[in-house]
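The values are calculated or read from the model by the stated rules, or taken from the named source; none is laboratory data. What you are looking at is a predicted structure, and each value in this text was computed from that prediction instead of being measured. Positions of Cβ are generated from backbone atoms using ideal geometry, with glycine treated the same way; all protein chains shown enter the neighbour counts.
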Amino acid sequence: MTCTHVSAPTRFLEANGIRFAYRRFGMKTGTPLVFMQHFRGGMDHWDPAVTDGLASNRPIILFNNVGVANTNGETPNTVDVMARHAAQFVNGLGLRQVDLLGFSIGGYVAQSFALQHPDLVRKLILVGTGPRGGEPSKDVSVSHFAVSTDTRTGEGPLEAFLYLFFSPSARSQAAGKAFWKRRHARENDVDPPSSAQTMRAQLAAAQDWRRVNGERYAELKHIGHRTLIVNGSNDIMVPTINSFTLSQRIPNAQLILYPDSGHASHFQYPELFVSDARTFLES
């Protein structure tokens, strides 16, 4: 492996007037797996147990899309424009084809990317996410906690994160705290916090994504890529029923639900997720 999640240096790529921040590590050969992050998240918000686990036999690419953390520009307020920027980044790296792993709003971006640039994508992994026009959260606390900010770090406090991303059980909450420690293992060359502009734009993009325009879910039949859909048994952020809808409407999709877990099931079960994802990517 060339570097790890913690040691990979931050690099910058100029593409279409944007200076993208990214990190690349893992094996030098194989189809790169490009990670697309959740609301307000940057490269440091991924789980080293997941990224390093998957890096053992493939290249891993983490990046911050336009306006996020240390990538310049203003974050756009629609998912489709975010996906166009992501494609510009991938093209800027000179890659002919990639696998995509999209989490939460990153899963929205991954779907749009695959629809707009199908030849650039080999396989999709969609985690804790949903289709355009999907079912919204019915938890009244989600909106409040999603925008709560620790003034010291620019991100949500631990309590909000545990509520939103994990189930209330003692087992799940303990897994969330363990992830939190792993997530902060990188102490040098870290991302700056995402801005208030990014938060507002991503909120607007998520709201726009949830609107139903025309025939509901019709575009999903045009995602021809093999797709792995992963979620927790009770995701309160992007309700789990949305993952079932994706699995039913994407022609070549399979669904995995992990028990006693929520939005961040892959962070609660990192070893299991890595095993399932590797089996999918290698088959």
- Note on the structure: The strands (runs of 3 or more DSSP E) lying wholly within segment 13-72 that contain at least 1 residues that are over 17 Å from H266 (Cα atoms) and at pLDDT 95 or above are 18-26, 59-64
- Flagged in segment 1-12 as of a type in the set (V, I, T) and either at pLDDT 95 or above or part of a loop (DSSP other than H, G, I, E, B) (or both), in numbering order, are T4, V6, T10
- Message: Can you go through A206, A201, A146 and tell me which one is under 26 Å from N70 (Cα atoms), at pLDDT below 90, within 17 Å of the chain's Cα centre (by Cα) and part of a helix (DSSP H, G or I)?
- Response: A146
- Item | Test result for G94, surrounded by fewer than 16 Cβ atoms within 10 Å (Cβ to Cβ) and on the phi > 0 side of the Ramachandran plot | yes
- Note on the structure: Of the residues in segment 218-267, those that are within 18 Å of H117 (Cα to Cα), of a type in the set (K, R) and surrounded by fewer than 18 Cβ atoms within 10 Å (Cβ to Cβ) come to K221
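In segment 73-105, which residue that is outside any loop (DSSP other than H, G, I, E, B) and small (G, A, S) is farthest from P32 (Cα to Cα)?
A83
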- Kindly check whether there is at least one residue in segment 268-278 that is out of contact with any Lys or Arg (no Cβ under 7 Å at 6 or more places or on another chain) and basic (K, R). yes
- Message: Being surrounded by fewer than 23 Cβ atoms within 10 Å (Cβ to Cβ), without any contact (Cβ under 8 Å) to a residue 60 or more places away in the chain and more than 15 Å from the chain's Cα centre (by Cα): is that true of P59 here?
- Response: yes
- Message: If I go through segment 112-153 residue by residue, how many of them are surrounded by 16 or more Cβ atoms within 10 Å (Cβ to Cβ) and among the charged types (D, E, K, R)?
- Response: 3
- Would you mind stating whether A175 is part of a helix (DSSP H, G or I) and either more than 19 Å from the chain's Cα centre (by Cα) or more than 23 Å from V109 (Cβ to Cβ) (or both)? yes
- Considering only residues that are touching a residue at least 60 places away in the same chain (Cβ under 8 Å) and farther than 22 Å from P48 by Cβ, look in segment 168-199 and name the one that is surrounded by the most Cβ atoms within 10 Å (Cβ to Cβ). T198
- Message: Would you confirm, using the coordinates I've provided, whether A15 is of a type in the set (G, A, S), surrounded by fewer than 24 Cβ atoms within 10 Å (Cβ to Cβ), within 16 Å of the chain's Cα centre (by Cα) and over 24 Å from D235 (Cβ atoms)?
- Response: no
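This table checks each residue for (1) of a type in the set (A, V, I, L, M); (2) under 19 Å from D235 (Cβ atoms).
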| residue | (1), (2) |
| --- | --- |
| V121 | yes, no |
| G128 | no, yes |
| R132 | no, yes |
| A146 | yes, yes |
| G156 | no, yes |
| P168 | no, yes |
- In segment 204-215, what count of residues is obtained for those that are touching a residue at least 60 places away in the same chain (Cβ under 8 Å) and either surrounded by fewer than 16 Cβ atoms within 10 Å (Cβ to Cβ) or touching a strand residue (DSSP E or B) at 6+ places or on another chain (Cβ under 6 Å) (or both)? 5
- Could you list all residues from segment 63-86 that are in contact with a His (Cβ under 8 Å, 6 or more places away or on another chain) and closer than 15 Å to T10 by Cα? N65
- Item | Single unsatisfied condition, T29 versus (1) within 10 Å of A55 (Cα to Cα); (2) surrounded by fewer than 16 Cβ atoms within 10 Å (Cβ to Cβ) | (1)
